[in-house]
Structure formats: C-alpha cells, structure tokens
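*Asks:* Got a structure for you, written out below as structure tokens; questions coming shortly.
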Amino acid sequence: MEFRKARWKTRLKRFALAVDAWIGDTLWGAGRRAGERYERIRSFADRFTATGGKRVAAELASEGLNIGIVGSLVMLMLAIPAFREGREEALKHQVFAVTFLDRYGSELGHRGARHDDSLKLEELPDHLLKAVLATEDRRFYDHFGIDIFGTFRALAVNARAAGVVQGGSSITQQLAKNLFLNNERSLDRKIKEAFLALWLECRLTKNEILKLYLDRAYMGGGTFGVAAAAEYYFGKSVKDVSVAEAAMLAGLFKAPTKFAPHVNLPAARARANDVLNAMVDAGFMTAGQIDSARRNPATPIDRKRDSSPDYYLDWAFDEVRKLSEDGKIGPDRVLTVKTPHDPAIQGQADKAVEAILRQHGPAYHAKQAAAVIMDPDGAVRAIVGGRDYGASQFNRATANRQPGSSFKPFVYAAALSSGLYKPSTIVTDRPVCIGNWCPNNYGRSYAGSIPLTVALAKSINTIPVQMSIAIGRATGETHEARAARIGRTKIIETARAMGLTTPLTDTVSLPIGAAEVTVMDMAAGYSVLANGGKRAKPYVATEIHNSQGDVIYRHDRDEPPAKQVLSSQVAQDMNFMLSKVPTEGTGRRAALEGVVTAGKTGTTNGYKDAWYVGYSGNLVGAVWFGNDDSSETANMTGGSLPAMTWKEIMQFAHQGIELKPIPGVTPTSDPKVAALAKANASATAPAATAPGPGAGHLPQRSFEVLNSVGQMFREVGVRRPGTGTTQARAGRFADTRSGYFN
C-alpha cells in the first residue's frame with residue numbers, strides 16, 4: 001500500500017514538472033516572437049520619422065483628425081434633436097383660419113390666420129422682394145443657410161450698441177424657426193435652428209425657401225404672409241403695393257405686433273423708413289428712387305375694432321381646435337363654422353353687464369362680471385367674458401371662481417339621487433360639526449325643522465353638510481367624519497356627471513361651495529336640470545364646412561346622444577325646489593315677469609364672488625360678479641347685481657318666443673305666465689320671419705329702447721348697500737365665519 005502511494009506521488013511530480021516546463025517554454029517563445037515583431041514594426045516605423053517642419057505638420061494633422069472625429073460626434077448628437085423636429089409635413093402645414101357664422105348664417109368674425117399663398121414668387125413686386133432681402137438677409141442667395149459674415153457683423157453692431165439692434169439669423173434660419181420651433185430664447189433653440197436651416201437648404205431651392213418665408217411669417221393683425229397682410233392693412237392685392245407700402249410690410253418681419261400700422265402707425269412708419277435706408281445701403285435702390293416713398297409714407301386702411309363678440313370668438317376658436325385634436329374635422333384648416341350664437345342676446349348681455357357695473361359697481365366695489373347664456377342642450381348663445389375686451393382679453397367666463405351656495409343644487413341632486421330625501425322631507429337646521437369645523441347661518445341662528453324646499457330657497461348652510469353625512473351613513477359608515485367624506489365623494493361624482501370639469505378639492509366645506517368652478521360649467525350643470533336630467537356639454541359648432549364648402553361636421557350627426565345623468569324624477573324635484581328661489585327665496589330680483597324660472601344665488605366668503613345661475617324651459621344663464629384680484633366687495637350678494645343682470649338679459653331673451661315649461665314645474669299655475677305664453681305663441685306664429693327675440697312682435701330696436709327705459713325706472717328704486725333695507729342685507733343666511741352663503 002505504501003509502495004503504491006509513493007509511485008503516485010512520483011508520477012504527479014513528473015507531470016507537474018512537465019506542465020511547468022511546457023508553460024515556461026511557451027511563454028518564453030511567445031515573448032521572443034513578440035519582441036521580434038516589435039523590432040520589425042519599429043524598424044518599419046523609423047522610415048516615417050519626421051523632423052523639423054514635417055513633424056509639426058504631422059502633429060497638427062493628427063490632432064486635427066482627432067478633434068474632427070470628436071467634433072463630428074458632438075455635431076451628430078446636437079443634430080439628432082433638430083432633425084427630429086424637421087418633418088416634411090411642416091412644409092405643407094396650414095395654420096387654422098376659421099370664419100364664424102351666427103345662428104342665422106351671418107358672419108360673426110374670424111379667428112386664427114388670415115392666410116394667402118396663392119401667388120407665385122414671380123408675381124410679387126420686385127421692390128417688395130428687395131425690401132425684404134435688404135432688411136432681413138442681404139446675402140440670402142450667397143450663403144448656405146447660415147450667414148457667417150452676417151452673424152459676425154450683427155455681433156459687432158450689437159456690441160457697439162450695447163444691446164440687440166441687429167439680428168444675425170438668415171431667412172432660412174427664420175423659416176426653420178417659423179416652421180418647426182418656437183420663439184424661446186435659448187442656445188438649444190438656436191442650435192436646432194441652425195441644423196434645420198441646413199436641412200432646408202438641402203431640401204429646397206433658394207426661391208422655394210424665400211416663397212415659404214413670405215407666405216408663413218406672422219405679419220400682425222392675425223395675418224400670415226405678405227399677401228394676406230397687404231389685403232388686411234392696405235385693402236389691395238400684394239401685387240399692387242407701392243414702394244412705401246412694401247417697406248412697411250417688410251418692416252413687420254422684425255416685430256409684427258410692435259410695428260403693426262393699425263396698432264402704432266408712427267412706429268410702423270419709422271420702421272418703414274429704416275427699411276428704405278437699408279435698401280439704399282444694400283444697393284438695391286437709389287436715394288432718388290425712394291424719395292417719393294419717404295415723402296408719401298404708406299397709410300393703412302382704418303382697422304378700428306368693430307363691435308364683435310370677441311370673448312365668444314376666442315372660446316369658439318379653442319373649441320374648434322379641440323374638435324380637430326379629437327380627429328372630428330379632418331386635416332383641413334380653413335374652416336367655416338356655424339354657431340348657435342344669438343347676436344341679439346349677446347348685445348343685451350353686454351349692455352346689461354356694463355349698465356349694472358357703471359351704475360352700481362362703484363357702490364359695491366365690484367369691477368368685473370361674466371355671463372354665459374345657453375340652450376338647455378348646451379348650445380352656447382352668448383358669452384360675456386368681462387367688461388371690456390379691448391382693456392383685457394382675459395375670459396372670466398372660463399376662469400375658476402368659488403361658487404358659494406350656487407353649488408348647493410349639486411349637493412341636493414346627489415342627496416335626492418340617493419333616495420334619502422324628497423322636496424317635502426322635513427330637515428332640521430341645527431348646529432353641525434365635522435371635526436373642529438362648524439358652519440353657521442347668518443346671525444348664528446337656526447330655523448329648526450323646515451321642509452327641504454324651504455332650506456334650499458333660503459340657502460341654509462347646515463343642511464348640505466348634514467346631507468353629506470347622511471349619504472355616507474347610508475353606506476353603513478357610522479363615523480361622522482368618514483361618512484361625510486363618503487358623502488362628499490358622491491357629491492363630486494354627481495357634479496362631474498352634471499358637467500363640472502374643474503378640479504373639485506374634497507374639503508369639509510365643499511357642500512357649501514368651497515370648490516372652484518367656471519361660469520361656463522355652472523351654466524352647463526344647471527342645463528341638466530332644465531332639460532330633464534341629460535348631460536349638456538357646451539358646444540359652439542352646429543355645422544362646419546371645409547375650404548371646399550363641404551360639410552365635414554354636424555353636431556347632431558357626429559356627437560353621441562346626450563347621456564341621462566339624473567333621473568327625470570330627481571330633475572323634476574330639483575326644478576320644483578329651485579323655482580321657489582326667485583319667488584320666495586334669495587333670488588327675488590331675478591324673477592321674470594310672466595316667465596316661470598328657477599335658479600340659485602351664491603356668495604362667497606368676504607363677499608369676493610357673487611353668482612346667480614338660473615333657467616327657464618328655454619334658456620339657461622349663469623352670471624358672476626367680482627374683482628380680478630379677488631378683493632372683497634361691499635356686501636355684494638348673488639341676490640343683488642348678479643340677479644339683476646340675469647333678469648335684464650333673460651327678460652329680453654324671452655320676448656317674442658314660445659315659452660317652454662320647466663320639467664316638473666307647471667307653467668299655468670300663474671295666470672300672468674299663461675297669458676304671456678299665449679301672447680308669445682301668437683307672436684311666433686309661422687307668419688313671423690324676423691330672427692331673434694322680438695320676432696313677429698316688436699322690432700328688436702323697439703324692445704331695446706323699452707327695456708332701457710324700464711331699467712332706468714326700476715333702478716331708481718335700487719338702494720345702495722348700507723341702507724339696511726336692501727336684499728343685499730336681508731337675504732343672507734350665513735355669516736362670514738362659515739364662509740359661503742346665499
């Protein structure tokens with residue numbers, strides 16, 4: 001046994017020695033062969049050894065190659081984002097150009113681009129092309145898309161002037177920005193612009209680039225391109241513009257808003273004079289040739305703002321673009337849109353808002369207002385987005401504001417839908433708290449047991465909070481705060497279903513109006529009640545035609561049927577209760593003579609916002625008063641100026657039309673209503689053909705005069721806040737500590 005072990009050890013030693021010898025021999029041989037190869041390579045390389053000037057040149061070439069490779073990789077990295085922006089479709093892209101018509105087919109106004117690219121470059125006047133090239137890119141036909149010399153010249157001029165007085169971008173770069181990029185001032189945008197300019201130079205000829213630039217550049221006044229600008233500013237074809245007019249047009253490329261002649265004629269003429277000087281400096285024209293243009297500067301046609309429903313048009317344009325984004329109107333961007341806009345109601349709404357603000361606004365410290373009038377199906381008839389569009393284009397009809405108690409119908413609708421309440425249900429106005437929050441009524445007093453209808457008409461605060469708790473407890477939750485949270489979730493769901501689109505923050509004070517809504521959404525939400533429970537999404541387009549005149553969209557054909565979001569019984573019960581507000585509750589100043597209506601007032605903490613939202617069987621209207629900075633008013637409630645304005649609009653709008661009943665409210669219960677309905681039905685017999693309120697009865701102008709006279713007499717009796725007897729003081733049922741009332 002020992003002998004065998006010794007023999008195996010001997011064998012292992014011999015094997016290990018053999019492996020070691022093989023490894024050593026292999027490594028030594030490999031090293032020797034590597035050394036021989038190295039010597040051969042060095043010997044070969046020695047033949048190319050350079051000294052003196054040759055060595056310097058070789059080193060520079062080597063470093064240049066390295067830098068070039070790295071630079072190329074960096075340029076490629078920078079170019080990739082730019083080329084992603086560059087799309088062939090953009091070369092053919094059209095901006096929206098929309099003509100709006102009112103409900104009778106008359107032109108209402110324009111939004112979007114006024115665009116005309118029908119002319120060829122050869123048809124444009126030579127002096128117009130020279131004016132553009134002289135002021136924008138004199139070396140346009142000599143560079144490759146980026147004017148290196150022009151860029152350095154602009155840098156030098158700007159450095160001497162200690163400011164930006166001359167641009168360095170070529171026409172090709174400007175076109176790249178117009179087609180693919182925005183006006184952001186950043187290095188990233190300039191890099192993309194440079195690469196896209198090179199791409200355009202590779203894809204298009206110089207004349208094609210110049211033509212695109214002249215057609216796509218914004219020229220102020222909603223116009224794109226020199227052809228549309230010539231028509232807009234001078235009322236003539238671009239082929240007929242004079243040297244002075246061409247200089248004024250060329251001056252618009254730098255700053256179209258600043259130098260638009262209909263906005264600032266002296267600035268436009270001064271800029272045109274600079275263009276004339278540039279034409280002489282560039283050698284395109286002589287001083288004698290431009291002398292007449294200097295002595296006779298261009299005069300644009302009068303473009304004073306016509307009376308147009310600008311807030312309505314702004315909103316309508318946004319809605320049309322949404323239809324395009326949804327793929328409902330195809331690729332065409334030159335459209336004619338027929339709207340449900342009613343010019344008579346719009347005019348009355350504008351006048352009512354201005355008249356009420358002028359007469360009562362200073363006393364109430366209220367400076368702004370907004371209103372939306374629509375049909376119960378959502379067709380928007382009129383929008384007042386503010387007091388003066390010329391002074392402020394901010395559309396208050398689509399801005400977020402707290403609704404106060406005008407939000408309560410959504411709470412009541414959720415409660416009635418749960419089956420826990422009916423209009424006749426007796427509820428108890430009593431103290432209620434959720435955590436440490438306790439809403440109070442005006443004067444911190446409570447009405448005790450009252451019918452639900454009275455609670456809504458009197459805008460009692462504690463009842464909606466109790467409702468939110470009751471809705472939650474119906475699910476089996478016993479904890480009061482958690483039950484209230486469940487109830488508020490149901491209220492939010494109901495409000496969303498009825499048309500509120502703004503974020504509704506779930507807070508304990510939500511049931512009494514702590515969320516934010518828009519005037520548009522409030523009108524849409526109340527439309528659900530007016531039409532018997534169906535969702536009424538606000539819409540502006542009844543019919544859309546493309547540039548060939550084909551009908552590409554019809555609301556009644558291309559939109560789904562309205563969804564039933566409240567049962568007809570709940571809608572009727574809500575209408576019955578809300579019909580008491582203008583007759584027995586806080587909205588008495590909104591009551592119409594001879595027309596059954598329903599509605600709700602709303603006032604927020606500190607009297608910052610005041611609302612009246614109401615409806616008949618024919619129309620729905622929402623009115624808001626307040627201030628843009630959310631400053632407090634002088635005790636203005638929803639039952640004061642908003643209700644008065646709503647009445648002035650709606651009384652006019654219901655003249656001469658067939659009165660429709662509100663679901664669940666009997667119109668014949670009031671003899672005056674029945675008599676007026678009969679008279680209106682006679683006035684709107686088939687023989688009547690004149691459109692709008694007053695058709696077949698009295699001319700519209702007659703109604704306007706009579707309404708203004710009647711308003712003057714009625715307003716004589718309106719007391720200023722502070723007298724102690726107005727509804728502004730007598731109609732409130734919550735204190736400022738609770739936050740939301742009326």
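*Asks:* Any idea what diffusion coefficient region 509-574 gets from Stokes-Einstein, in µm²/s, Kirkwood Rh on alpha carbon pairs, 37 °C, 0.692 mPa s?
*Replies:* Values: Rh = 14.2 Å.
Diffusion coefficient, whole number: 230 µm²/s.
*Asks:* If you count only protein heavy atoms with a 1.4 Å probe, what accessible area per residue comes out for region 609-667, rounded to a whole Å²?
*Replies:* Details: 1350 Å² over 59 residues.
Heavy-atom SASA per residue in region 609-667 reads 23 Å².
*Asks:* Could you state the accessible area per residue of region 200-241 in Å², with a 1.4 Å probe and every protein chain left in place? Intermediate values should be presented prior to the final figure.
*Replies:* Working: 1430 Å² over 42 residues.
I get 34 Å² per residue for region 200-241.
*Asks:* Scan around V517 for amide H atoms under 5 Å from its own, H built in the peptide plane at 1.01 Å from N, and keep only partners 5 or more places away or cross-chain.
*Replies:* Amide H to amide H, under 5 Å and 5 or more residues apart or across chains, V517 pairs with R401, Q402.
*Asks:* Related question: Taking amide hydrogens as modeled 1.01 Å from N in the peptide plane, which residues meet the under 5 Å criterion relative to V334, leaving out close sequence neighbours?
*Replies:* A97, S547
*Asks:* With θ set to phi - 60° and the Karplus curve 6.51 cos²θ - 1.76 cosθ + 1.60, what are the ³J(HN,Hα) couplings of region 260-273 in order, to the nearest whole Hz, using x for Gly and Pro?
*Replies:* 4, x, 7, 9, 9, 5, x, 5, 5, 5, 5, 5, 4, 5
*Asks:* Bin all alpha-carbon pair distances of region 529-632 at 5 Å intervals from 0 and give each bin's fraction as a whole percent.
*Replies:* Calculated P(r), rounded to whole percents: 2, 11, 15, 15, 14, 13, 12, 9, 5, 3, 1, 0.
*Asks:* Still on this structure: What do you reckon, how do K190, K563 stack up by accessible area (1.4 Å probe), largest on top?
*Replies:* Numbers: K190 80, K563 145 Å².
Result of the area sort, largest leading: K563, K190.
*Asks:* Could you rank the peptides 461-468, 58-65 by their average count of other C-beta atoms within 10 Å per residue, with the highest value first? Before the final figure, lay out the partial values.
*Replies:* On the way: 461-468: 26.6, 58-65: 10.6.
Those peptides, ordered most packed to least, come out 461-468, 58-65.
*Asks:* Related question: Quick one: which residues, 5 or more positions from R381 or on another chain, have an amide H under 5 Å from its amide H? H modelled 1.01 Å from N in the peptide plane, none for Pro or chain starts.
*Replies:* When sequence neighbours closer than 5 places are left aside, the close amide H contacts are I373, M374, D375.
*Asks:* Multiplying the sequence separation of T99 and D142 by 0.36 nm and subtracting their Cα-Cα distance, what value in nm do you get? Present the calculation step by step, with values, prior to reporting the outcome.
*Replies:* On the way: separation 43, 0.36 × 43 = 15.48 nm, distance 4.15 nm.
Contour length minus Cα-Cα distance gives 11.3 nm.
*Asks:* Given R₀ = 35 Å, FRET efficiency for R482-S567 by Cβ-Cβ distance, to 0.05?
*Replies:* Numbers: r = 27 Å, r/R0 = 0.78.
In this case the efficiency is close to 0.80.
*Asks:* In whole percent, how big is the carbon plus sulfur part of the accessible area of region 300-436, probe 1.4 Å, protein atoms only? Please report the intermediate quantities before stating the final value.
*Replies:* Details: 2610 of 5420 Å².
Carbon-and-sulfur percentage of accessible area, whole number: 48.
*Asks:* Then there's this: Applying the Karplus parametrisation 6.51 cos²θ - 1.76 cosθ + 1.60 with θ = phi - 60° to the phi angles of region 289-301, what ³J(HN,Hα) value in whole Hz is obtained for each residue in order, glycine and proline being reported as x?
*Replies:* So the J values, rounded to whole Hz, are 5, 9, 4, 5, 5, 5, 6, 10, x, 5, 10, x, 6.
*Asks:* A further question follows. As an exercise, use a Förster radius of 45 Å and the Cβ-Cβ distance of K9 and I191 to find the FRET efficiency, rounded to the nearest 0.05.
*Replies:* Approximately 0.05, to the nearest 0.05.
*Asks:* Might you tell me the accessible area per residue for region 291-450, computed with a 1.4 Å probe and given in Å²? It would help to have the intermediate numbers written out before the result.
*Replies:* Values: 6800 Å² over 160 residues.
Computed with neighbouring chains in place, this is 43 Å² per residue.
*Asks:* So for the pair E36, Q289, with labels modelled 7 Å out along Cα→Cβ, what separation do we get in nm?
*Replies:* So the label points at E36 and Q289 sit 8.3 nm apart.
*Asks:* Going Cα to Cα from K408, which lysines come in below 24 Å? Please leave out same-chain ones fewer than 8 positions away.
*Replies:* K422, K458, K490, K534, K537, K563, K580, K600, K608, K647
*Asks:* For region 535-655, which whole-number percentage of the solvent-accessible area (1.4 Å probe, protein heavy atoms only) is attributable to carbon and sulfur atoms?
*Replies:* On the way: 1690 of 3910 Å².
Solvent-exposed carbon and sulfur of region 535-655 make up 43 percent of the total.
*Asks:* In the P(r) worked out for region 311-384, what percent of Cα pairs fall beyond 20 Å?
*Replies:* Details: 1233 of 2701 pairs.
Considering region 311-384, 46 percent of its Cα-Cα pairs are separated by more than 20 Å.
*Asks:* Which log10 I(q)/I(0) values, to two decimals, does region 457-549 give at q = 0.14, 0.23, 0.25 Å⁻¹ under the Debye formula with one point per Cα?
*Replies:* Each listed q corresponds, in turn, to -0.60, -1.17, -1.24.
*Asks:* Evaluate the charge dipole of region 232-314 about its Cα centre and quote only its size in Debye, nearest 20, assuming +1 on the Cβ of each Lys and Arg and -1 on the Cβ of each Asp and Glu. Could the numbers behind the result be given before it?
*Replies:* Working: 11 positive and 9 negative charges, 25 e Å.
Charge dipole, region 232-314, about its Cα centre: 120 debye, nearest 20.
The values are calculated or read from the model by the stated rules, or taken from the named source; none is laboratory data. All values derive from a computational prediction rather than experimental measurement. For neighbour counting, all protein chains shown are included, and Cβ atoms are generated from backbone atoms with ideal geometry for every residue, glycine included. Quick note on the areas: whole protein, heavy atoms, side chains included, nothing else; ligands and nucleic acids left out. Shrake-Rupley method; radii C 1.70, N 1.55, O 1.52, S 1.80 Å.
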